[in-house]
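The values are calculated or read from the model by the stated rules, or taken from the named source; none is laboratory data. Since this is a predicted model, take the numbers as computed values, not measurements. Neighbour counts run over all protein chains shown; Cβ positions are idealised from the backbone, glycine included.
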Number of protein chains: 2
Amino acid sequence: MNESDFIAALRKLPLHDGARNLEDDAAILEVGSETLVLTHDTIVSGVHFLPFQDMADVAWKLVTTNLSDLAAKGAEPVGILLSHMLSTNDDRFVQGLTEVLETYGCPLLGGDTVSSDGPPTYGVTAVGRATHSPVPSRGGAQAGDSVYITGPVGAAMLGFEALRDDTSAGGSAYTRPIPLLAEGQALAPVVTAIMDVSDGVLLDASRIAKASKVTLDIDPASVPIATPEARRDEALRWGDDYQLLFTLPDTATLPVSATRIGRVLEPTDSPILLEGTAPDRDSPLGYSH
Amino acid sequence: MNESDFIAALRKLPLHDGARNLEDDAAILEVGSETLVLTHDTIVSGVHFLPFQDMADVAWKLVTTNLSDLAAKGAEPVGILLSHMLSTNDDRFVQGLTEVLETYGCPLLGGDTVSSDGPPTYGVTAVGRATHSPVPSRGGAQAGDSVYITGPVGAAMLGFEALRDDTSAGGSAYTRPIPLLAEGQALAPVVTAIMDVSDGVLLDASRIAKASKVTLDIDPASVPIATPEARRDEALRWGDDYQLLFTLPDTATLPVSATRIGRVLEPTDSPILLEGTAPDRDSPLGYSH
């Protein structure tokens, strides 16, 4: 079964109200007067990271991609559960895990350890506590809102290439992404829709559009990029930058530094437009993991 | 790194109070006036299940082993997050998932789907709500308590053998274990220590003993078994039966059907005794996954 068929099959299961039809990267769980946010990411060697990477970086990124999902909900980290396949370089994995958990004040809650001859596979379930209710989703963008992004995209692409090609040009954007937790908490009370950019700004914009049943008209030239201008198109289609992409009514005050990159329209045949024109349907908008 | 070294390394990480030093199969999370119980199990084809098994059974067991961890905390299921590696027979996996989630009223909260060429690997994080506070642990057995088990062991061993040998003698104990949720909820207010028997009654008894800093004196002949008498020693060392093993003061009334199999002593050099005698240290007490 391919991924979209599988997820379609899962949608027929008994779904928790907080699963939000599995469209979001996080589940919402009301517990008494509190609201928890739950996320899970699994990564596989050779698929989600390069087999020769420093496992300390892999552990860092596994945790921070989950914390980025919490950030997009305005949640603060409570703890993680770790699924760990024993392998070589587990000492480096633990080192990176120590660094990331200390950096973000996010303790270990539990998990499971397994052995296998297959490619090392790791999972993290992160638990966060919502700081604002209702918890924002991808689904609330309204025609007339503006579209914003918190910072440049493309840095992770350069970082990946430097790692792959063993040059020093890359920086840490690919290996050690930073979850925008404070920004997410500041944005949660005012945004109409929000998500973290994991798969490319254009693809993720189209996801906000579909979930909100609107069209997002993006001005590609206005998106801040961390690459040379010649690589703008690639930067807009590469993921892993973990900026926050959100929509905001024009009456609201922007609570964080961000760049306006488009506006929300009534729904059209295309979930996103690029300066008013529907993108080529045969050309991928981004990277689907 | 081997598993015990890895877990020892994890114990040096920032640990959540509810992680209980990672000794327990579940983490405890106080949220306002509620207490949540969180568990995670990961399974790998060829390690935790036979590659030719019906994937509906594999999905069932993946969920029920987590629900059994909730049962041992007296918790009721709230929902699960699923980590799924796409493979052949995903339709059967979804079928089993549907059956188990409907049977236990446990909706899907979210998760992640990945692709890999490696052996299919699946994970579940289960969230439960504690029905009694404080949540029981492995660590409270007191000298003078009696040791009980809710039912026979060895049925899963027979089921595994029938599956492996393609005979019809096995029943469903190995493929479709039943989490003792109602029994766990009845026991939580009265037990001093409790866990589910996943790795063999003797090994798991030794874990209660170590966590409680006592010795458990088990009468092997009194343990109910689902096998012929000639296989008693094996049945006591085989896991996967998911009975509840617990300790109870003699003043307490037994709230569920269970068999007394031993008593709790002040600590000795050996965490468990078999009718007063320390077991051979070189002979395994059970199955460590």
Item to check | Filter result (under 20 Å from A:His40 (Cα atoms) and more than 7 Å from chain A (Cβ to nearest Cβ)) within region B:16-25 | outcome: B:Asp25
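Taking region A:162-197 as the search range and keeping residues that are assigned to a loop (DSSP other than H, G, I, E, B) and of a type in the set (Val, Ile, Thr), which one is modelled with the lowest pLDDT?
Here is the first cut: in region A:162-197, the ones assigned to a loop (DSSP other than H, G, I, E, B) are A:166-180, A:188-192, A:197.
Restricting the remaining residues to those that are of a type in the set (Val, Ile, Thr) gives A:167, A:175, A:178, A:190-192, A:197.
Values: A:Thr167: 89, A:Thr175: 95, A:Ile178: 97, A:Val190: 98, A:Val191: 98, A:Thr192: 98, A:Val197: 96.
Step by step, filter region A:162-197, then rank; the result is A:Thr167.
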Next on the checklist: Can you tell me which condition B:Thr125 does not meet? The list is (1) assigned by TED's automatic domain parsing to the domain that holds B:Ser206; (2) closer than 21 Å to A:Leu29 by Cα; (3) of a type in the set (S, T, N, Q), and all the others hold.
Outcome noted: (1)
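May I ask you to list the residues in region A:29-50 that are in contact with a Pro (Cβ under 8 Å, 6 or more places away or on another chain) and more than 7 Å from chain B (Cβ to nearest Cβ)?
A:Ser45, A:Gly46
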Checklist outcome for this item: Restricted to region B:96-137 and to residues being of a type in the set (S, T, N, Q) and without any contact (Cβ under 8 Å) to a residue 40 or more places away in the chain, the residue nearest to A:Val114 (Cα to Cα) is B:Ser116
Checklist entry - Considering only region B:90-107, how many residues are buried (at least 16 other Cβ atoms within 10 Å of the Cβ), in a loop (DSSP other than H, G, I, E, B) and not hydrophobic (A, V, I, L, M, F, W, C)? => result 2
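Give the residue that is surrounded by the most Cβ atoms within 10 Å (Cβ to Cβ), with candidates limited to residues of region B:108-139 that are in a loop (DSSP other than H, G, I, E, B) and of a type in the set (Ser, Thr, Tyr). Give the steps one after another, and end with the answer.
To start, the set of residues in region B:108-139 that are in a loop (DSSP other than H, G, I, E, B) comprises B:115-120, B:131-139.
Filter once more, so that each one left must be of a type in the set (Ser, Thr, Tyr): B:115-116, B:131, B:133, B:137.
On the way: B:Ser115: 13, B:Ser116: 20, B:Thr131: 18, B:Ser133: 14, B:Ser137: 23.
Across region B:108-139, the extreme among qualifying residues is B:Ser137.
If you check A:Ser212, A:Ser222, which single one turns out to be small (Gly, Ala, Ser), modelled with pLDDT of 95 or more, farther than 24 Å from A:Ala162 by Cα and surrounded by 15 or more Cβ atoms within 10 Å (Cβ to Cβ)?
Values: A:Ser222 fails: surrounded by 15 or more Cβ atoms within 10 Å (Cβ to Cβ).
Only one candidate qualifies: A:Ser212.
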Item to check | Failed criterion for B:Ala173 (all others in (1) surrounded by fewer than 19 Cβ atoms within 10 Å (Cβ to Cβ); (2) under 30 Å from B:Leu248 (Cα atoms); (3) among the aliphatic types (A, V, I, L, M) hold) | outcome: (1)
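With the structure loaded, tell me whether B:Val63 is under 20 Å from the mean Cα position of the chain (by Cα) and assigned to a loop (DSSP other than H, G, I, E, B) or whether it fails that test. Quick ask: steps written out before the conclusion?
Details: under 20 Å from the mean Cα position of the chain (by Cα): yes; assigned to a loop (DSSP other than H, G, I, E, B): no.
No, not satisfied.
If only one of B:Asp280, B:Asp250, B:Asp217, B:Asp269 is more than 20 Å from the chain's Cα centre (by Cα) and surrounded by 18 or more Cβ atoms within 10 Å (Cβ to Cβ), which one is it?
Working: B:Asp280 fails: surrounded by 18 or more Cβ atoms within 10 Å (Cβ to Cβ); B:Asp250 fails: surrounded by 18 or more Cβ atoms within 10 Å (Cβ to Cβ); B:Asp269 fails: surrounded by 18 or more Cβ atoms within 10 Å (Cβ to Cβ).
Being more than 20 Å from the chain's Cα centre (by Cα) and surrounded by 18 or more Cβ atoms within 10 Å (Cβ to Cβ) holds for just one of B:Asp280, B:Asp250, B:Asp217, B:Asp269, which is B:Asp217.
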Next on the checklist: Could you check region B:14-46 and list, in sequence order, the residues that are crowded, with 18+ Cβ neighbours inside 10 Å and part of a loop (DSSP other than H, G, I, E, B)?
Outcome noted: B:His16, B:Asp24, B:Asp25, B:Ala26
Item to check | Single unsatisfied condition, B:Ala156 versus (1) in a helix (DSSP H, G or I); (2) more than 15 Å from the chain's Cα centre (by Cα); (3) of a type in the set (A, V, I, L, M, F, W, C) | outcome: (2)
Checklist entry - Looking at A:Leu101, A:Leu158, which is the one that is within 11 Å of chain B (Cβ to nearest Cβ), of a type in the set (A, V, I, L, M, F, W, C) and touching a helix residue (DSSP H, G or I) at 6+ places or on another chain (Cβ under 9 Å)? => result A:Leu101
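Filter region B:66-89 down to residues that are in a helix (DSSP H, G or I) and in contact with a Gly (Cβ under 6 Å, 6 or more places away or on another chain), then give me how many there are. Walk me through how you get there before you give the answer.
First, the residues of region B:66-89 that are in a helix (DSSP H, G or I): B:66-71.
Those left that are additionally in contact with a Gly (Cβ under 6 Å, 6 or more places away or on another chain): B:70-71.
Final tally of qualifying residues: 2.
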